[in-house]
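Q: My structure is below; once you've seen it, I'll send some questions.
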Amino acid sequence: MGTTDTPLLGTVSLRDGPDRIPGADRSDIGAGYAGAIAAFVATVLYVGLIGIGDSLGFGVDWTVNTLFAALALPFVVPAAFIVGVVGWRMFSLDSSASSVVAGAVGTVATYVVTLGLVGTLLTVTAILSLSGADPVSAAAFSWGLVYFAFVFTWWVTVPVGCLTGLIYVTVIADG
């Protein structure tokens, strides 16, 4: 892939420009940033599409979904960053096809890491008697929360993850 194929992608690279992001010159950290940005974009896109569905009368509640998405952001964005860094260190990619698959796998892995973060937080607060729940119920609630998050959002997050994987590998190859 030559630079003529992706002039726009080269201009949005995290590694270029005077305000570049710390550590983005390393491909693994850049992959983490790409994952985190993808998680943020997918969340905002989800809220926007749900808003459109709500305004068209498709029976979705925009307010509830917006609050759900806003509460997810502090967990999903760091989880996607972690998955991006670890994923790149484990599987440094160089082809378009593998990057699309890695984007999909990374997206699903982000749900798993999010489950770990949310589950740990809710279970620890239950153990410390801060939430009023018992630890088993807190852990079960965490699993259900992330399960339903996947069921309701996969249709946005997986395509965004695939596209992000493709864009990132293209930018790295051109860089």
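The values are calculated or read from the model by the stated rules, or taken from the named source; none is laboratory data. Being a predicted model, the structure only gives us computed values, none of them experimental. Because the Cβ atoms are built from the backbone with ideal geometry, glycine has one as well, and the counts that use them run over all protein chains shown. Surface areas here come from the heavy atoms of the whole protein model, side chains and all, with no ligands, DNA or RNA. Shrake-Rupley method; radii C 1.70, N 1.55, O 1.52, S 1.80 Å.
Q: Quick one: if you stick a label point 7 Å off each Cα along the C-beta vector at Val44 and Phe91, how many nm between them?
A: So the two model labels end up 2.8 nm from each other.
Q: Rule-of-thumb check for segment 84-175: C-alpha Rg over 2.2 N^0.38 Å?
A: Against the compact-globule rule of thumb, the ratio is 1.37.
Q: Using a 1.4 Å probe and ignoring any ligands, DNA or RNA, find the accessible area of Ser55 and quote it in Å² to the nearest 10.
A: 90
Q: Just name one of Gly106, Ala70, Leu56: the one whose Cα is farthest towards the positive end of the charge dipole of segment 16-175 (beta-carbon charges, Lys/Arg +1, Asp/Glu -1).
A: In segment 16-175, that residue is Gly106.
Q: Taking Rh as the Kirkwood radius computed over C-alpha pairs, what is the Stokes-Einstein D of the chain at 37 °C in a medium of viscosity 0.692 mPa s, expressed in µm² per second?
A: Diffusion coefficient, whole number: 190 µm²/s.
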